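The values are calculated or read from the model by the stated rules, or taken from the named source; none is laboratory data. Because the structure is predicted, anything quoted here is derived from the model rather than measured. Here Cβ is always computed from backbone atoms with ideal geometry, including for glycine, and neighbour counts include all displayed protein chains.
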Amino acid sequence: MAAHVGSIVTAWFALGLIAPLVVLLLRGAASPFVRRHAVESLNFQINAFVLTIVFALLMFVLVGFILLPVYGVFYLVCVVIATVRASNGEEYRYPLTVRLVS
């Protein structure tokens with residue numbers, strides 16, 4: 001749960017991938033469940049970082065002004081769902097995510 005919620009908190013101060021990376025490094029070896037959620041969150045945060053840069057660049061051709069807010073809502077909804085699922089002890093896989101870390 002900390003990997004998902006922490007990504008929202010750290011996104012305001014730094015990259016959103018810091019919290020899931022810290023959870024993965026500190027608690028990933030202790031629990032396979034924690035590791036799966038931390039890796040899933042880390043993959044989503046890496047994708048979010050790349051897409052945010054792409055959408056920000058697309059603002060120069062005005063498309064980014066539509067895509068960035070829509071993606072912001074998608075991001076928030078997915079992180080909230082993942083947080084609820086993790087707190088209930090359920091598995092969750094973020095949609096539309098390229099999984100770079102396994």
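In the stretch 60-102, the qualifying residues are those that are closer than 14 Å to A38 by Cβ and of a type in the set (G, A, S), and the one that is modelled with the lowest pLDDT is S102.
Here's the yes/no breakdown for (1) surrounded by 13 or more Cβ atoms within 10 Å (Cβ to Cβ); (2) in contact with a Leu (Cβ under 6 Å, 6 or more places away or on another chain):
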| site | (1), (2) |
| --- | --- |
| R27 | yes, no |
| A38 | yes, yes |
| A48 | yes, no |
| T52 | yes, no |
| M59 | yes, no |
| G64 | yes, yes |
| V73 | no, no |
| V77 | no, no |
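Kindly indicate which of V5, V9 is at pLDDT below 90, closer than 20 Å to R85 by Cα and surrounded by fewer than 16 Cβ atoms within 10 Å (Cβ to Cβ). Answer to the selection: V9. Could you list all residues from the stretch 46-102 that are within 17 Å of G16 (Cβ to Cβ), of a type in the set (S, T, Y) and not in a helix (DSSP H, G or I)? Y92, Y94, T97, listed by residue number.
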